[in-house]
Every structure is written in structure tokens, then in C-alpha cells.
Amino acid sequence: MSTDSARSRPILHIDWTRCDGRGVCVELLPELLNRDDWGYPVATILPTGNRSNVPISPALEDAAVEAVALCPRLALSLLNREASP
Amino acid sequence: MSAVTSSPPATAARLFVAGPHAELAAHIAAYGAAPPPESGSSLVGKLEESGLIGRGGAGFPAWRKLAATNDLRRRPGGAVVIANGAEGEPLSRKDATLLQHSPHLVFDGLLAVAGAVGASEVFLYATEVSMKRINAAIRDRPDMDRVKVVVAPHTFISGEASAVVNAIENNLAIPTDRTRRLSDHGLRGKPTLVFNVETLAHLALVDRYGPNWFRTVGTNSDAGTRLVTVSGSGLQPVVLEVPGAISLRSALSSAGVNVGTIQAVLVGGYHGAWVASEHLDTPLSPADLLPFGGHPGAGILAVLDNGQCGLVFAAEIATYLGAQSAKQCGPCTFGLPAMASILSRLARRERDPALVTELGRLGRLTSGRGSCHHPDGTTRFVLSTISVFADEVQLHLGGRCSAPDHRISEARQ
């Protein structure tokens, strides 16, 4: 994967202040997310660092869009840039 | 400009040259009048040359923060500048001490930054303990009329940058979810710059005397002086101004600690890391503390003496940190108390080796999953504890403890 395509990848942002661990995103993105001990999503591809911003591969983009739309807590958003506040 | 000038302080003590409880006249006699306002790019340049890094805890280069806001200052509504004296760390006294004795230096730094970015709003955010002094000092400063003073609550996270903005905007001193930097989208959506009060005091001196003067103390990568608060070993917390990259040993000795009888020192506060006594020659600088997983943070050095149990001490801190979660983010709400509970079981000498692996697992699970760094900092502290006190962990898993009072309680059983 070239650096350029990695940079243009959309990012799934998890707003932890809204997330209530309902688990819809984990069902829609099983390749990307697991549930932790308390039901909150964990990005399996990011073992360390900031795990609120999860890069999305092209194959998972549609599922990510769906997860954003279906999250009952409106805790997810897709960012089209590297967001590291 | 006033003709009053003064030679820059030639010693390592820079921030308290005007003496205790310095009033405006003493301040000007010691430091000279503040220089006239300058452009944002000029102040950015001076700060970059000075090498000043933030003194609030995160250790970010001051010039980069100023540059980020300066670039966006022409947005409609203008920029916001906030002096942060919230000092939520229970073992820190440096910001309150600075505001008590050198408030005018902090004001000078705040106004220099506000002038440089043409700020539309300027705030000073500090705890109740400093309010009387701040308000009295402001009465002598007509140039501070534009600054709004906001009281920070006494919580651990009230000084986190997004919590500061939230406190001023919504009277809620808890962090917020961010997808944009505060420099881009802060208070009421305006470009916002939050500087620790000590950072502003150093900045005021860089502004007066220049970056080369600033660099005459400290090292190339840790220039200038920093305030530290030393506690433990039977001492009330004591605030010292020390040169950048001073050794831990020298800093502790200067505070009156008998370094011959200490077991370890917690560097950087409750989100910091332990350094064992055999490494006391380590300099208090970001680069030198990196191998320990630590950072000078807000300059906190907490001593653990021989004969004290590191696990008991750390379990109390971890329990406090768990309780200080804002309980907005699930991994922090549940992960931190879970870690604190396991560390407490280890401290109570529960003989279950799985506790150690479980602590590691919980730390890795929780870290990096919050809207602020409270879970990451707490994890760092807990994992540093079981690493530096690995021998104590083994004793506890065998039902024993190195601390005499624990041995006494065993004998009584």
C-alpha cells in the first residue's frame, strides 16, 4: 500500500463521550472492530496509540458509512483526513 | 516606553527575581517594563529560537502552538488566548506559587501573546486559591482590563485543554470529543490557544531578553528553567525553580530530600512514571526520561522512601485516578476502576500471579480510547508501577511485603 493511498483513506472517528457500547458498529465491521470487556468497540488493527481514529480500507468503506448512519448514539463519523487533535 | 530597564537575571532563578508577593513596582524594578507589542510572526520566531517547551504537562513546543493560532488569527471573530493555571495534579503547587509571587510576569506573557495574535478574547483560568491574589494584582494593571478571570474547579482533569475551553464556554470543566484542534476550532469555534501560566511567565522573559538569554540556562534540548514541586519523604510539597535537565538527584537534594534513603521517585505526577533510586542521575528532561516511559510533565517529583510500599502508594493513586474519570467515555469509566481494583488486590498481597497479567491486559485495552489522555496517563502510571516495583510484586504474590508496617501487621496476625 503506497503512502499516498494510506493518506487519502477515510478515518472512522469514535466519539467516546457519546458511545454507549450498543455494538451496531461491531456487527457491521467485524473485520475492524471487536467489543471490549464492557461492550465498547476496539479497533483490532490499532494495538496502541490513539485508537479513536480508525483508518478504513476501501473494501470496508460502505460498511463504515452504514455504521455511521446506524449508530443509535450518533457516536461515529467519517473524516476524510488525518485527524489527530 | 518607560525608561526603566533592568539587566536580565543572571542566575538560575528567573521567575521570582522580584521577590516574594511581588507587586507591580517591584516587578518592574526587577525585570523592566514589558516591551511594546510585536507581530505574531516575530514572537513565533523568538519562541522557536528559545526552545521553550510548554510547562503544563504535555511538553509541546511553545512556538508551534503560537504559530498554529497565529496562522488563523484573521478568521472572523478573531482568536482566543487562555492562561491555564488549573493545576489539577494533587501534588503540584507550582502554578499557585507562581501566581502568588509573580502574577505580573504571567500577565505580561498573556498580554504579549494576546497582542501578537490580535486576540478578540483573553482569559485567565485558575483555581480559587489564587483568585484573591490575581484580582488584587489585576487592579494595578489597566492593561489587564480586557482579561476575563474564570475559576477552575479542583478536579484532576479541569486543566486539560478541551476541558478548559468547555469550562469557559459551558461551565463544564470536562474534556470534549475533538476532531479538530483547538487552534482551529476552540472556544465558540474560534482559533484558541491555551498556555500554562508558567509557560507564559517564561515567554514574558523571552520577549524581554531574547532567546539567547533564555538558552544560557539548561541544555540545548531542554532550555531555560522549570518549576518543580517536590513532595514525599515527610516533606510538605516544596516548589523550586531548577535549570532544564537538572539531575533528579540534584533537584531532590535542593528540596531537602535525603536521597540516600529513597527507593524511587515518581516523575511527572499521577500520569507519570517511576524512576528507581539507582537512576537518580537521570536528567529531568523529556529526552532523558523517555527510556523510563516518563516526562517532566508539570514538574512533579514525589519521593517514595525506603520502608514504604510502592504498591500500596500506587494503588491509592490509581483509585483516585479512577474516581477522577469524567465518566463520559466507557473505556475510562470502567477500565480505570478495574485497573485500580486489581492493583489494590496486589497491594493487599492477594496471591494470584494472574493479577499482573490482567493489569497489563487492562492497560493495553484502555489506553488510547478516550476523548482525553486520562486513560493513557493512568495506564502509563500503573504499568510503570508494576515494572519498577517488580520485586515488590513478587514479594506480595508470596504474601510478604518489604515495608516494615506490613511486616508488623503480619506479626500481629
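The values are calculated or read from the model by the stated rules, or taken from the named source; none is laboratory data. No experiment lies behind these values; they were computed from the predicted model shown. Counting neighbours? That spans all protein chains shown, and the Cβs are built from the backbone with ideal geometry, glycine included. Note: accessible area is taken over every heavy atom of the protein model, side chains too, but ligands, DNA and RNA are not part of it. Shrake-Rupley method; radii C 1.70, N 1.55, O 1.52, S 1.80 Å.
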Relative contact order of chain B, defined on C-alpha pairs under 8 angstrom at six or more residues apart (%): 15
When you count, for each residue, the other Cβ atoms within 10 Å and take the mean per peptide, how do B:205-213, B:226-234, A:27-35 rank with the highest first? B:226-234, B:205-213, A:27-35
Ranked by how many other beta carbons lie within 10 Å on average, peptides B:137-148, B:88-99 from highest: B:88-99, B:137-148
Over the stretch A:10-85, what is the relative contact order in whole percent, taking alpha-carbon pairs under 8 Å and six or more residues apart? 47
Could you pull out which residues in the stretch B:234-275 have an amide N less than 16 Å from a spot 7 Å beyond the Cα of B:A136, following the Cα-Cβ vector? none
B:E316 paired with A:S57, simple spin-label distance in nm, labels 7 Å along Cα-to-beta-carbon: 5.0
Residue mean of other protein chain beta carbons inside 10 Å, A:10-16: 4
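Set the Förster radius R0 to 30 Å, insert the Cβ-Cβ distance between B:A33 and B:V149 as r into 1/(1 + (r/R0)^6), and round the FRET efficiency to 0.05.
0.85
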Taking the Cβ of B:F107 as the center, what net charge do the other residues with Cβ under 11 Å away carry, scoring Lys and Arg +1 and Asp and Glu -1? -2
Whole number please: convex hull volume per residue of the Cα set in the stretch B:180-280, in Å³? 153
Within straight-line cross-link reach of B:K148, lysines at Cα separation under 17 Å, skipping those fewer than 8 residues along the same chain: B:K132, B:K190
Shielding by partners - mean other protein chain Cβ count within 10 Å, residues of A:38-45: 4
Given contacts defined as C-alpha pairs under 8 Å and at least six residues apart, what's the relative contact order of the stretch B:73-230, whole-number percent? 31
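From the P(r) of the stretch B:110-193, could you give the percentage of C-alpha pairs in the tail past 17 Å?
Distances greater than 17 Å cover 50 percent of the Cα pairs.
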Sorted by packing (mean other beta-carbon atoms within 10 Å per residue), highest first, where do B:261-272, A:36-47 land? B:261-272, A:36-47
Taking the Kirkwood radius as the inverse of the mean 1/r across Cα pairs, report the Rg/Rh of the protein assembly as shown. 0.99
If I model the stretch B:146-223 as equal point scatterers sitting on the Cα atoms and use the Debye formula, what is log10 I(q)/I(0) at q = 0.15, 0.16, 0.24 Å⁻¹? -0.68, -0.74, -1.06
Rounded to the nearest 10 Å², the accessible area of A:D62 at probe 1.4 Å: 130
Cα-based Rg of the stretch B:230-319 normalised by 2.2 N^0.38 Å, two decimals: 0.97
Computed from the mean reciprocal separation of all distinct C-alpha pairs, what Kirkwood hydrodynamic radius does the stretch B:236-285 have, in Å? 11.2
Anything losing 50 Å² or more of accessible area from the isolated chain to the full protein assembly: pick those residues out of the stretch A:46-71, probe 1.4 Å, ligands and DNA/RNA ignored. A:R51
Hey, got the average number of other protein chain Cβ atoms within 10 angstrom for residues in B:171-181? 4
Heavy-atom accessible surface that A and B bury in contact, both chains counted, 1.4 Å, Å² to 100: 1700
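Tell me the mean residue ellipticity at 222 nm calculated for chain B from its helices only (DSSP H runs of n ≥ 4, each -39500 (n - 2.57), averaged over every residue, nearest 500).
Dividing the helical sum by the residues of chain B leaves -13000 deg cm²/dmol.
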Taking a quarter of the surface of the convex hull around the Cα atoms of the stretch B:38-157, what do you get in nm²? 7.6
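How many times 2.2 N^0.38 Å is the alpha carbon radius of gyration of chain B? Please list the in-between numbers first.
On the way: Rg = 21.9 Å, N = 413, 2.2 N^0.38 = 21.7 Å.
With N residues counted in chain B, Rg over 2.2 N^0.38 Å equals 1.01.
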How much net charge surrounds B:P175 when only other residues with a Cβ under 12 Å from its Cβ are counted (Lys, Arg +1; Asp, Glu -1)? -1
Dipole of the protein assembly as shown, positive direction: furthest Cα of B:L43, B:V122, B:V303, with charges on the beta-carbon: B:V122
Near B:K46, which lysines are there with a Cα under 24 Å away, not counting those fewer than 8 places off in the same chain? B:K65
What is the dipole size for the stretch B:198-257, taken about its Cα centre, with +1 at each Lys and Arg Cβ and -1 at each Asp and Glu Cβ, in debye to the nearest 20? 100
Between the alpha-carbon centers of the stretch B:208-271 and the stretch B:276-313, tell me the distance in whole angstrom. 11
Run the simple label-point estimate for B:D391 and B:S42 please: 7 Å along Cα→C-beta, distance reported in nm. 5.8
Report the label-to-label distance for B:E278 and B:D405 in nanometres (one decimal), using points 7 Å from each Cα along the Cα→Cβ vector. 2.8
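So what's the net charge close to A:R18: Lys and Arg +1, Asp and Glu -1, counting the other residues with Cβ under 9 Å from its Cβ?
Once all neighbours under 9 Å are counted, the net charge is -2.
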Considering only protein heavy atoms and a probe of 1.4 Å, how much of the accessible area of the stretch B:263-323 is carbon and sulfur, as a whole percent? 58
